1. Kirkwood hydrodynamic radius, the protein assembly as shown, all distinct C-alpha pairs: what's the number in Å?
2. Ignoring everything except DSSP H segments at least 4 long, calculate the 222 nm mean residue ellipticity for chain B; use -39,500 (n - 2.57) per segment, divide by total residues, nearest 500.
3. Computed over the Cα atoms of chain A, what is the ratio Rg over Rh, Rh following Kirkwood?
4. Calculate how many DSSP beta bridges within chain A are antiparallel, expressed in % of all such bridges and rounded to the nearest 5.
5. Give the shape of region A:209-253 as rounded, prolate or oblate, defined through the alpha-carbon gyration tensor: a ≥ b ≥ c are the square roots of its eigenvalues, a/c under 1.5 means rounded, and otherwise the shape is prolate if a/b is larger than b/c and oblate if not.
6. log₁₀ I(q)/I(0) of region A:232-319 at q = 0.19, 0.21, 0.22, 0.26 Å⁻¹, via Debye over equal Cα point scatterers, no solvent, to two decimals?
7. Using Cα springs under 10 Å in a Gaussian network model of chain A, which residue among A:216, A:234, A:312 shows the largest mean-square fluctuation?
8. Arrange A:243, A:332, B:194, B:242 by Cβ neighbour counts within 10 Å, fewest through most, would you?
């Protein structure tokens, strides 16, 4: 039995090419018709991969043809031009473990890929395209991904500006359900950040914008409450989180005007997310007691710190994966030997597997 | 025999400290079951030590500075076991273990395990006063630890330098709630401890009374500032550390003077 992975990803192909080969719902059935005993298609925005097991070798061109959308015909004569990679046996196992653990992702350590892999596995299993070989392989991949996540810091922190802001809010306030948020300025970035906060439980959201109409529009879109721009300073006495993104040329919030607003809230922290350029909040505000100010550079810096830590963790993650690859191959070759003893077929020569033979 | 139990107990706490230090150095601090198990085991050996010593003495083992230190370390571990689950047990343990190692290590190394030449008679009201006061110290110690955690978290948030430990510390507001509750718990126990001291049937040294009331007033002032929202959380966290240091100094003073002047 040959175990292989053929695919293309953000490492090898641009989005247009990936779209062409994104495959359809029936891809697994087509692949089986092409000679794969078992097949699973993992299609995400960053990769299209086929994991298969077959008695005879299935060529990359045949797989590519199966994946092509809308009956498009691939250029069979120029297979080398196709940005496909092919991993067999041990390399295939290792690749899947790396993919499931987020090591092969565009953002190292992202966890969405694991959910996508599980979904692809579930779908292929429902269609009957997954047999014992891929079943074992994917179950082990899920285990490896979990172990990598638990034993390394590969998923630590957030790596996008919006998620860093939300993450920090949770580090300050814990549950965000009782937090009051004021969005100052009705820009696209502030809307995204506000939505991210809402998704984590924020229910009291107020929007204040110079143009009242735009402020009301945004408030309606996010299910918040519009506040006239002249009244935003009073709001600072009540709120916990301030998202500032106006186009003001001068800082709206300085220690001088913020000081009196904080007088009656000694025991409540104030988290200010200043995503405006030029900045809406004077950096000196961060020196005030109980005020935590993060401007766009600070948020980016936190995201970069997280990414750097994740990169440092790659070696530890690879070590876990290597252990599992060796163990998986040993176990599966033992089972093949056992099966061959029962069926009377010649056994595998040694416990380790040779390339392309499983 | 009983000192062996204490050495094993200290080793258990030390294991938790070493593991945390190694993890922090590697930048992959991840509180897990190990710390909790090590501290739980250490606590069991502490309890066994105090029980054996208590049986041998025929009273609560608080007859010298050595026993007071061990009882205090036991109180810290006890309060941690009680409140830890609500505030990230294993992480608070990472901060609790070093304090216990320090107390027990000092007690084991310093020549303070001085046995009284005559058997100290049991005095239930005095033992109640001493043990309740020491459990109150345990609560103040935990408030101090939560204060350290708060300051670490706050500092990282202010400077935008988020280290590995940042992602494992509880949120600032949760830590502040923990500090407040521990302060109240310690304060109530300490009040009971001080009040019961007046009913021991023995004359109390004037200096000890004044010092104990001074510590009581310090904690009362912290709680008053907290209750009326006059002191910011960061300063309350810092005051918890100062308060516990003062309380520890007082405890040493009380025990030392009791040991040199009279039988407790």
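Only the coordinates and a few stated rules stand behind these numbers; no lab work does. Please read all numbers here as calculations on a predicted model, not as lab measurements. Reconstructed Cβ throughout: ideal geometry from the backbone, glycine too, with neighbour counts over all protein chains shown.
1. Evaluated over the protein assembly as shown, this radius sits at 29.0 Å.
2. Working: 8 runs with 203 residues, N = 264.
Only helices count here, giving -27500 deg cm²/dmol.
3. Computed over Cα atoms, the ratio is 1.13.
4. 45
5. Details: a/c = 1.76, a/b = 1.21, b/c = 1.45.
Oblate.
6. -0.83, -0.96, -1.03, -1.32
7. Maximum among the listed residues: A:234.
8. Numbers: A:243 29, A:332 22, B:194 19, B:242 14.
With the sparsest Cβ surroundings first, the list reads B:242, B:194, A:332, A:243.
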